[in-house]
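Down below is the structure, laid out as structure tokens.
The values are calculated or read from the model by the stated rules, or taken from the named source; none is laboratory data. As the structure is a computational prediction, the values presented were derived from the model and not from experiment. So basically every Cβ, Gly included, is an ideal-geometry build from the backbone, and we count neighbours across all protein chains shown. SASA here: full protein model, heavy atoms, side chains in, ligands and nucleic acids out. Shrake-Rupley method; radii C 1.70, N 1.55, O 1.52, S 1.80 Å.
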Amino acid sequence: MTKISKVTKLEAIHTYFEGKKSVRGVAREYGIPQMYFRMMVAAYRVHGEMILFDPPKVTPEFRVKVAKWAISNDASYTEVAAKFGYLGVAQMMQWKEIYRQKGPNGLLSIIKGRKPNMAKKDQAKKRAKHSKKQLTPEQNRIEQLEAENLELRIKLEASKLLASMKQRTDKSQR
């Protein structure tokens, strides 16, 4: 769905309330999905113009209240929009599902925002790479040799382990 400006939404609502067109006609004219426009009209009727410019603040308690009320009243999204002035259908669907599965505590523990793309370990490696650039050539060479030394130790241990496993299998076959 493309983002629709608040001014356009307000114009659409005024056009609807002037009685010139139906919900369907106004929604089509302004490029607003019909269900979303119905929700806007319902919220506007109850909460007025400010619902478009100052929507409710989404807090964990608000999520619980909305989900609990929607489930207990078997309410449509339009009814929820009218009652609370909130228009986020996708979020309401998620909240109801979480509430059903985990109860109110599930909604209270939601963390806002996206998960980071890189794990913390990867971020630490990235920081370490950047810090290497500030080292002197001798320090870089020492670090390179230490890394190579560690790699060789690991390979030696692996070859010893492989040799001992091979020796065991040779003895067991006799």
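Accessible-area rank, largest first, for LEU135, LEU161, LEU10: LEU161, LEU135, LEU10, with all protein chains present and a 1.4 angstrom probe.
Annotation: TYR30 carries an accessible surface of approximately 50 Å², with a 1.4 Å probe and no ligand, DNA or RNA atoms counted. Taking each of LYS57/LYS83; LYS68/LYS102; LYS20/LYS83; LYS3/LYS83; LYS6/LYS112 in turn, the alpha-carbon distance tops 21 angstrom for LYS20/LYS83; LYS3/LYS83; LYS6/LYS112. Here is the list for segment 29-97: GluC sites (Glu not before Pro) lying in DSSP coil, each with at most 16 other C-beta atoms within 10 angstrom of its C-beta, are GLU49. Charges were assigned to the Cβ only: +1 to each Lys and Arg, -1 to each Asp and Glu. The resulting dipole of segment 1-97 about its Cα centre is roughly 100 debye. About its Cα centre, the chain has a charge dipole of approximately 660 debye under the convention of +1 per Lys or Arg Cβ and -1 per Asp or Glu Cβ, with nothing else charged. Bridgeable aspartates and glutamates around LYS166 (alpha carbons under 16 Å apart, same-chain partners fewer than 8 residues away excluded): GLU157. Computed over protein heavy atoms with a 1.4 angstrom probe, the accessible surface ordering of ILE111, ILE98, ILE13, ILE142, largest first, is ILE111, ILE142, ILE98, ILE13.
Per-residue surface analysis assigns LYS102 an accessible area of about 140 Å², computed on protein heavy atoms at 1.4 Å probe radius.
Couplings 3J(HN,Hα) of segment 55-67, computed from phi: x, x, 6, 8, 10, x, 5, 5, 4, 4, 4, 5, 5 Hz, in residue order, whole Hz [Karplus 6.51 cos²θ - 1.76 cosθ + 1.60, θ = phi - 60°; x for Gly and Pro].
Heavy-atom accessible area for ILE71, with the other protein chains in place and a 1.4 Å probe, reaches approximately 50 Å².
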